[in-house]
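Read the structure below first, then the notes.
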Amino acid sequence: MEEKNNKIEMLGNAPIPKALLALGLPTMIGMLINALYNLVDTYFVGGLGTEQMGAVTVAYPLGQIVVGLGLMFGNGAAAYLSRLLGKGDQETAEQVASTALYGSVSGGAVVILCVLLFLKPILRRLGAIDSVMPYALTYTGIYIVGSLFNVFNVTMNNIVSSEGAAKTAMCALLAGAGLNVLLDPICIYYLNLGVAGAAIATVISQAVSTLVYLCYIFQGKSVFHFRRKDCRFTKEILSEILKIGIPTLLFQLLTSLSIAMTNEAATKYGGSALAAMGPVTKMMSMGSLAVFGFLKGFQPIAGFSYGSGNYKRLREAIRTAVIWSTIFCVGFGLTVAVFSKELMSQFTKKDLEMVRIGQMALRANGISFMAFGFHTVFCFLFLVMGKAKEGCILGACRQGICFLPAILFLPKVLGLRGVLYAQPVADVLAAVVTVFMAWKLYSSLLDS
């Protein structure tokens, strides 16, 4: 009971810098490690050949779509749970947490089954050319089945973050990531399983993360109990979860769509161009997931403060989150841009064209990434405040409203460079939109 009270105290009364570090840093580290083991997959598979690298590249957006269900229920519930805890409504919070967990796992199982039934045509649409398809079918078939563990993990990650248990989320991510780094070379090379070994290693690692969360639940450490009898698929609870969850799912779908469209556009320029997109996507994901992880600590603080009517604390949390996330994004972006050639060279020793293409993409993405923290803080803020319409519009800008015209138009004018620069151009346009929407929201908070 004392541990649970300490979590609530951290959300409502601890100094903002201390609370953000305590809640955001562990999740940030965990998600960085999680992104790293996705990158490790790519690194070890890169030793098998360009076609195998292409297989992992086309599978990635499909996995993100499935995980989107966990984000829909988890992030939708997390925003609502933070406000409920701020109001002291424990009974409704129990029902929301249970509904989100059981709903995401059930929905995930249905989606995974549908994906398996139409796997080959789906992979074709994601950019799998004939030479890549056999490896893509092998890798993705195993990877997608194991994604059910990841749906559970993503849902729980959001829920435990909403209650201030950031260290648990970090431990779950670290356990899976560390095991994956060990299993990848064993399964791929020592057991001679190739791309299948990479997928098996990932699934085992995700299962271990699931075990960490299950231990947390069954040992009674959570604020919530996750009982089936507390599931309430009522209009009120579902509407609160989905009004934030659906925009979150939309962001995830748009992310997958943007990756898939980039991959498909890159295939016109050969296997090296397609293979280059894998490391570029994974490296930039490391930066974005680190920001997401840090803002998982900002989210419950903002939601709790908004739910309890403490707008002064909310404004301080916004300012601190914007400054800290921007400092990180500038540092990460400059590092990626300056060392682009050295980074890409780690993924192939023979394909110099792949290195050249990846180098151009990393430079452009690194520079545009500097505004990502500012943009993402306000995406999180609109959603946690229950402003789904504004949050949906802002979140859809970066990889939807601004990206789609860029990827459709720029390659016609600039060729391959247009493919590589589409996302950076969209990033800049999204940042401009964020400035106007952020100013309006922050001004309203000053008047409160």
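The values are calculated or read from the model by the stated rules, or taken from the named source; none is laboratory data. This one's a predicted model, so the numbers in the text were calculated from it and none came from an experiment. Here Cβ is always computed from backbone atoms with ideal geometry, including for glycine, and neighbour counts include all displayed protein chains. Protein only, heavy atoms only, side chains kept; ligands, DNA and RNA dropped before computing areas. Shrake-Rupley method; radii C 1.70, N 1.55, O 1.52, S 1.80 Å.
In table form, for the structure just shown:
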item: Whole-percent carbon and sulfur share, accessible surface of the range 395-448, 1.4 Å; result: 74 percent
item: Highest-first arrangement of 137-148, 86-97, where packing means the average Cβ count within 10 Å; result: 137-148, 86-97
item: Accessible area of the chain divided out per residue, in Å², using a probe of 1.4 angstrom; result: 39 Å²
item: Environment charge at ILE259 (Cβ cut-off 14 Å; Lys +1, Arg +1, Asp -1, Glu -1); result: +2
item: Relative contact order (percent, whole number), the chain, Cα cutoff 8 Å, 6+ residue spacing; result: 24 percent
item: Alpha-carbon radius of gyration plus Dmax, which is the widest Cα pair, for the range 69-138 in Å; result: 18.5, 57
item: ILE204-ALA109 pseudo-label distance in nm [points 7 Å out on the Cα-to-Cβ vector]; result: 2.6 nm
item: TRP324 - accessible surface, heavy atoms, 1.4 Å probe, Å² rounded to 10; result: 90 Å²
item: Of SER345, ILE200, MET370, farthest towards positive along the dipole that unit charges on Lys, Arg, Asp, Glu beta carbons give the chain; result: MET370
item: Accessible-area composition of the range 136-209, carbon plus sulfur, in percent [1.4 Å probe]; result: 77 percent
item: Computed accessible area, SER131, all protein chains, 1.4 angstrom probe, square angstrom; result: 60 Å²
item: The chain: angle of helix 166-185 to the longest principal axis, Cα-based, in degrees nearest 10; result: 20 degrees
item: Relative contact order [Cα under 8 Å, 6+ residues apart], the range 162-273, whole percent; result: 21 percent
item: Solvent-accessible area, 1.4 Å probe, carbon plus sulfur percent, for the range 17-125; result: 66 percent
item: Local electrostatic count, GLY373, Cβ distance below 14 Å [Lys/Arg +1, Asp/Glu -1]; result: +2
item: Computed accessible area, LYS389, all protein chains, 1.4 angstrom probe, square angstrom; result: 150 Å²
item: Geometric extent, Cα atoms of the range 332-401 - Rg, Dmax (angstrom); result: 16.5, 51
item: On Cα atoms only, tilt of 311-338 relative to the major axis of the chain in degrees; result: 10 degrees
item: Semi-axis lengths, Å, the chain, gyration tensor of Cα atoms, sqrt of 5 times eigenvalues; result: 34, 25, 19
